[in-house]
Amino acid sequence: MNSGIIIAPSILAADFGDLSAEVDKVEKAGADWIHLDVMDGNFVPNISFGAPVISALRKSSSSYFDAHLMVSNPELLITDMKQAGCNGITVHYEACNHLDRVLSVIDDHDCCAGVALNPHTGVENLSQVLDKIGLILIMTVNPGFGGQKFISTMLNKVQLARKLIGDRPIQLQVDGGITAQTASLAVAAGANNLVAGSAIFGAGQEQYESRIKSIRGN
Ligand code: DX5
Ligand code: ZN
């Protein structure tokens, strides 16, 4: 069904008054993962939600929960995220003074360790920790808000990341401004994991399935 591409809807663009139902709807519409954007009002200007909300969603979902921590000092949240039911925990390179240690802590919690790179951060910064990473997230907008325009110069960084990964079992995720059009460019550049918020939840629920299909490229 999905030719190896993972579609991870970001619930940041969902109806916050009815989140469990929104998760259920995108799961039924073909979502592979659920992308959870945790924002602290410090690393990024916006505040979204944290472990209590994720824990509540976990009660009615068995999907893979992909937490994207846009927070300062992410090491302080890892245990909470694990206990809330997250399967993958992605931290920002720019938020970690001791990235190698943070990745070990995520691994100790039996979660897949991801590292996100802001648009200004080069992928070569990850070369010394590749063996500790299960996911590289190339931000294709500056983090903090949904609904922004895809930064097309990031496609070159996706290509560089794909080369750096080589044959390692590392997911290459893109996040920000992903639509059917930008998704196909990102996949052509080497991405295999696509986060999309407004391109899915911005439509009525009757369109979730067709939106997911078109982002997947079918
Ligand atoms: C941005 C978040 C994204 C965001 C994507 O800071 O990390 O996951 O929700 O939203 P869209 O798809 O609307 O750009
Ligand atoms: Zn995200």
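Looking at the range 47-71, which of the residues that are among the small types (Gly, Ala, Ser), within 16 Å of ligand 2 (Cβ to nearest atom) and assigned to a loop (DSSP other than H, G, I, E, B) is nearest to Val141 (Cα to Cα)?
Among those residues, the one meeting the criterion is Ser48.
All but one of (1) of a type in the set (Gly, Ala, Ser); (2) in contact with a Leu (Cβ under 7 Å, 6 or more places away or on another chain); (3) open to solvent by less than 30 Å² (accessible area, probe 1.4 Å) hold for Ala29; which doesn't?
For Ala29, the failing item is (2).
Going by the conditions given, is Ser210 open to solvent by 60 Å² or more (accessible area, probe 1.4 Å) and modelled with pLDDT of 95 or more?
Considered against the rule, which asks whether it is open to solvent by 60 Å² or more (accessible area, probe 1.4 Å) and modelled with pLDDT of 95 or more, Ser210 comes out as yes.
One line per residue, one yes/no per condition, for (1) among the aromatic types (Phe, Trp, Tyr); (2) open to solvent by 20 Å² or more (accessible area, probe 1.4 Å):
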{"position": "Ser55", "(1), (2)": "no, yes"}
{"position": "Arg58", "(1), (2)": "no, yes"}
{"position": "Phe65", "(1), (2)": "yes, no"}
{"position": "Val71", "(1), (2)": "no, no"}
{"position": "Asn87", "(1), (2)": "no, yes"}
{"position": "Val91", "(1), (2)": "no, no"}
{"position": "Glu94", "(1), (2)": "no, yes"}
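Among the numbered conditions (1) touching a strand residue (DSSP E or B) at 6+ places or on another chain (Cβ under 6 Å); (2) under 26 Å from Pro45 (Cβ atoms), tell me where Gly85 comes up short.
With respect to (1) touching a strand residue (DSSP E or B) at 6+ places or on another chain (Cβ under 6 Å); (2) under 26 Å from Pro45 (Cβ atoms), Gly85 is out only on (2).
For the range 161-181, what are the residues that are open to solvent by 20 Å² or more (accessible area, probe 1.4 Å), outside any strand (DSSP E or B) and touching a residue at least 40 places away in the same chain (Cβ under 8 Å)?
Across the range 161-181, the qualifying residue is only Leu164.
In the range 80-98, is there at least one residue being outside any strand (DSSP E or B), farther than 16 Å from Leu137 by Cβ and either within 15 Å of ligand 1 (Cβ to nearest atom) or modelled with pLDDT under 95 (or both)?
No, the range 80-98 contains no residue that is outside any strand (DSSP E or B), farther than 16 Å from Leu137 by Cβ and either within 15 Å of ligand 1 (Cβ to nearest atom) or modelled with pLDDT under 95 (or both).
Restricting the search to the range 106-145, which residues are surrounded by fewer than 18 Cβ atoms within 10 Å (Cβ to Cβ) and outside any loop (DSSP other than H, G, I, E, B)?
Result: Asp107, Asp108, Glu124, Asn125, Leu130, Asp131, Lys132.
Please determine, by comparing only the residues of the range 192-203 that are at pLDDT 95 or above and more than 9 Å from ligand 1 (Cβ to nearest atom), which one is surrounded by the most Cβ atoms within 10 Å (Cβ to Cβ).
Per the stated criteria, the residue is Leu194.
Residues to consider are Lys132, Lys157, Lys213, Lys149; find the one that is more than 29 Å from Val23 (Cβ to Cβ) and either in contact (Cβ under 8 Å) with a residue 40 or more places away in the chain or near ligand 1 (Cβ under 9 Å from one of its atoms) (or both).
Lys157
The values are calculated or read from the model by the stated rules, or taken from the named source; none is laboratory data. Small disclaimer: the values here were computed from a predicted structure and weren't measured. Every residue, glycine among them, receives a Cβ derived from its backbone with ideal geometry; neighbour counts consider all protein chains shown. The protein model used for the area step is the full one, side chains on, heavy atoms only, and it has no ligands, DNA or RNA in it. Shrake-Rupley method; radii C 1.70, N 1.55, O 1.52, S 1.80 Å.
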